[in-house]
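A.B. asks: Shown below is the structure under consideration.
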Amino acid sequence: RALGLDEATSAIYGMCENVDTNVGRLLAALDAQKLRERTIVVFLTDNGPSTARFNGGMKGIKADLNEGSTRVPLMIRWPARLKAGHTSGRISAHIDIMPTLLEACGAPAPKGVKLDGRSILPLLEGRQVDWPDRTLFIQTHRGDVPILYHHFMARNQEWKLVNASGFGLEEWSGPPQFELYHIADDPAEKKNLAADRPELVEQLKKQYEAWFKDVGST
């Protein structure tokens with residue numbers, strides 16, 4: 001509170017300093033044990049702030065479906081293989097961490113396990129590889145039973161389809177109110193283009209329906 005900040009903002013700055021200090025302790029420990037070169041350090045965060053704050057101009061807070069709710073940083077350090085300062089704008093998700101680490105370590109995937117993610121090691125290394133676009137999905141709401149179309153998003157490299165029906169609802173019967181955003185040009189999700197691009201709404205909806213059927217099959 002020494003800078004005259006309110007209690008909530010002070011807590012945020014305090015947490016940032018706490019994370020910074022403890023990541024520094026981790027990296028220092030690796031240096032002390034001479035493990036820097038051959039250790040993969042992965043840093044990413046939880047999704048979305050709990051209140052509207054420090055969100056890079058993006059819309060949404062925790063439990064929403066907007067970019068400010070779902071987009072988080074991912075930083076990976078591996079001096080032996082990865083060049084410092086390299087970035088990639090391709091979309092990825094938490095499901096990519098396991099296949100990425102498996103490839104990096106030269107380890108096979110467990111037998112009989114179908115991995116939903118994709119190794120992003122080629123992107124991290126800056127290799128020129130064929131990288132087909134894909135669609136990532138998030139669905140999150142209260143209750144133990146998944147409900148088709150309830151509070152979901154489908155996101156490819158350029159576009160996002162959303163039905164923001166409410167995280168707090170255990171029961172919902174629709175109909176869905178689709179929103180479509182061209183994230184490449186509108187990361188703040190200010191212009192809903194669902195009415196202008198019905199073919200894209202239908203395309204992403206069908207991809208979501210196939211994903212819902214797949215993950216709900218068991």
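The values are calculated or read from the model by the stated rules, or taken from the named source; none is laboratory data. What you are looking at is a predicted structure, and each value in this text was computed from that prediction instead of being measured. A quick note on method: Cβ atoms are made from the backbone with ideal geometry, for glycine too, and the neighbour counts reach across all protein chains shown. The protein model used for the area step is the full one, side chains on, heavy atoms only, and it has no ligands, DNA or RNA in it. Shrake-Rupley method; radii C 1.70, N 1.55, O 1.52, S 1.80 Å.
A.B. asks: If I filter region 1-49 down to residues being surrounded by 11 or more Cβ atoms within 10 Å (Cβ to Cβ) and among the hydroxyl-bearing types (Ser, Thr, Tyr), which single residue comes out as farthest from the chain's Cα centre (by Cα)?
C.D. replies: Ser10
A.B. asks: Does Leu65 fit the bill of being open to solvent by less than 60 Å² (accessible area, probe 1.4 Å), farther than 18 Å from Ala188 by Cα and not aromatic (Phe, Trp, Tyr)? Give the derivation first.
C.D. replies: On the way: open to solvent by less than 60 Å² (accessible area, probe 1.4 Å): yes; farther than 18 Å from Ala188 by Cα: no; not aromatic (Phe, Trp, Tyr): yes.
So Leu65 fails the test.
A.B. asks: Can you find a residue in region 191-208 that is without any contact (Cβ under 8 Å) to a residue 12 or more places away in the chain, open to solvent by 50 Å² or more (accessible area, probe 1.4 Å), part of a loop (DSSP other than H, G, I, E, B) and under 17 Å from Met58 (Cβ atoms)?
C.D. replies: Yes, the conditions are met somewhere in region 191-208.
A.B. asks: Restricted to region 83-104, and to residues that are over 19 Å from the mean Cα position of the chain (by Cα) and modelled with pLDDT of 95 or more, which residue is most open to solvent (accessible area, probe 1.4 Å)?
C.D. replies: Only one residue tops the list, namely Glu103.
A.B. asks: Check whether at least one residue in region 181-190 is loosely packed, with under 12 Cβ neighbours inside 10 Å and β-branched (Val, Ile, Thr), and report yes or no.
C.D. replies: So far as region 181-190 goes, no, none of its residues is loosely packed, with under 12 Cβ neighbours inside 10 Å and β-branched (Val, Ile, Thr).
A.B. asks: Between Glu189, Glu209, Glu199, which is touching a helix residue (DSSP H, G or I) at 6+ places or on another chain (Cβ under 9 Å) and of a type outside the set (A, V, I, L, M)? Before the answer, list the steps.
C.D. replies: Working: Glu209 fails: touching a helix residue (DSSP H, G or I) at 6+ places or on another chain (Cβ under 9 Å); Glu199 fails: touching a helix residue (DSSP H, G or I) at 6+ places or on another chain (Cβ under 9 Å).
So the residue among Glu189, Glu209, Glu199 that is touching a helix residue (DSSP H, G or I) at 6+ places or on another chain (Cβ under 9 Å) and of a type outside the set (A, V, I, L, M) is Glu189.
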